[in-house]
1. Can you tell me the order of 33-40, 156-163 when each peptide is scored by its average per-residue count of other Cβ atoms within 10 angstrom, highest first?
2. From Cα pairs below 8 angstrom and at least 6 apart in sequence, can you work out the relative contact order of the chain, rounded to a whole percent?
3. Mind pulling the angle between the C-alpha long axis of helix 30-47 and the longest principal axis of the chain? Nearest 10 degrees, somewhere in 0 to 90.
4. Subtracting the Cα-Cα distance from 0.36 nm times the residue separation, let me have the gained length for PHE6 to ARG19 in nm, one decimal.
5. Based only on Cα atoms, what mean projected area does the convex hull of the stretch 5-180 have, in nm²?
6. Could you put GLU153, GLU61 in order, starting from the residue whose Cβ has the fewest other Cβ atoms within 10 Å?
7. So what's the angle, to the nearest 10 degrees on a 0 to 90 scale, between helix 152-164 and the longest Cα principal axis of the chain?
8. Sum -39500 (n - 2.57) across every DSSP H segment of at least 4 residues in the chain, then divide by the residue count to get the 222 nm mean residue ellipticity, nearest 500.
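No lab work stands behind these numbers, since they all come straight from the coordinates. No experiment lies behind these values; they were computed from the predicted model shown. With ideal geometry, Cβ positions are generated from the backbone for all residues, glycine too; neighbour counts draw on all protein chains shown.
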Amino acid sequence: MASLHFAKIALTIKATLPREALQQHFPASIDALGEQLAQQALEYVNEHSMGYFPALEYFQEQGGIDDYLLDAAAQISLLTVTMTKQEVSRVLQPLFSSVRIGTVQSLAYTMPAVRPSQPQAEKLLAEHYLPDKVKFEAFVSLVQKKSPEAGIESAAKQIALRWLDELFSEVEVTSARLLGE
């Protein structure tokens, strides 16, 4: 009688939710929110002669961006994180023997990879501060009749990409690693 083996794999994924999915929950333009956040951040950075753009958390603590804009970004980020957890679980559950969503982080709250001196800095910053992008971990298991072979991580990555591509406007698996049996 053949024994079953469970391959446990951790996937780290970056994804962008479709704006239409988020926009239906908010009366104001989500794109306009990113633009207004970037405009006020740019003014603050120029006024304080900073050589970088801080993460949104900096402005929550130090001021420089209107509270109502920061509140709107927080609400949209929360919705983005919640939708990601629910929808990724729903989509991946039938494909793997187990699925657990780990940490989900809104990328709007990470340090922007944009510098004030860059061409189109304000446009790039608006895209960064737009709270429609997330990074998360999905811990999945595959059941096999034999011990996991080399490439099982790649197989899990391809399965996840194929099915999550329909859920997100952009999706990238940045790492896939075997955690063991």
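1. Output ranking for 33-40, 156-163: 33-40, 156-163.
2. Rounded, it is 46 percent for the chain.
3. Taking the Cα atoms of the chain, the angle to 30-47 is about 60 degrees.
4. 1.0 nm
5. For the stretch 5-180, averaging the hull's shadow over all directions gives 11.1 nm².
6. On the way: GLU153 19, GLU61 8.
Going from least to most buried by this count: GLU61, GLU153.
7. 50 degrees
8. That calculation yields -13500 deg cm²/dmol at 222 nm.
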